[in-house]
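Written out below as structure tokens is the structure these notes cover.
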Amino acid sequence: MMNRLTLAICMYNAERYIEETLRSVMAQTMQNFHLLIVNDCSTDSSAGIVEQFFVKYPRQYEIVHFEQNKGISYARHYAERHASTPYMMFLDADDILKPKAIETMYQKITSDTDLM
């Protein structure tokens, strides 16, 4: 089944949080989504932590690195333009999802005609 959802994580200097956030993403009951990580020119080891995480826990993901810090609004706008799926969700780099969060939100947005 083709991905119809992009989960975008925009991060800047999130080395203290990003691994726990990614663990919560990997624990989701629904895994059929495109994972897009926008690295807003982090000056810490955030990007390396992400790459090492997916060496240990393989999963399809895409990471985009900005060459200069643009801010969260620009990063989110970039993610919206870059996504090729009809649905999109954002997750902050320091957020922890409950295991059914993506499945529950996806079911809601795809079943509620008022949201289409």
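The values are calculated or read from the model by the stated rules, or taken from the named source; none is laboratory data. All values derive from a computational prediction rather than experimental measurement. Counting neighbours? That spans all protein chains shown, and the Cβs are built from the backbone with ideal geometry, glycine included. For accessibility, only protein heavy atoms count, side chains too; no ligands or nucleic acids. Shrake-Rupley method; radii C 1.70, N 1.55, O 1.52, S 1.80 Å.
Listing for the model above:
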item: P(r) histogram, all alpha-carbon pairs of the chain included - 10 Å bins from 0, percent; result: 14, 47, 32, 7, 0
item: Under 18 Å from K70, Cα to Cα: lysines that are on another chain or at least 8 residues apart; result: none
item: Cα-centre dipole for the chain with unit charges at Cβ (Lys and Arg positive, Asp and Glu negative), debye to 20; result: 320 debye
item: Carbon + sulfur, % of accessible area of the chain - ligands and nucleic acids excluded, 1.4 Å; result: 52 percent
item: ³J(HN,Hα), Karplus 6.51/-1.76/1.60, whole Hz, each residue of region 39-48, x for Gly, Pro; result: 8, 7, 6, 4, 9, 9, 9, 3, 4, x
item: Accessible area (Å², per residue) of the chain, counting only protein heavy atoms and a probe of 1.4 Å; result: 58 Å²
item: Residues listed by number, region 8-23, amide nitrogen under 19 Å from M89 label point at 7 Å toward C-beta; result: 8-11, 18-23
item: Qualifying lysines (Cα of each under 22 Å from Cα of K100; at least 8 residues distant if same chain); result: K108
item: Cα-based equivalent ellipsoid, region 23-73: semi-axes from gyration tensor eigenvalues, Å; result: 22, 13, 9
item: Cβ-Cβ FRET estimate between T110 and V64, R0 fixed at 25 Å, reported to 0.05; result: 0.45
item: For region 64-104, convex hull of alpha carbons as volume per residue, Å³; result: 97 Å³
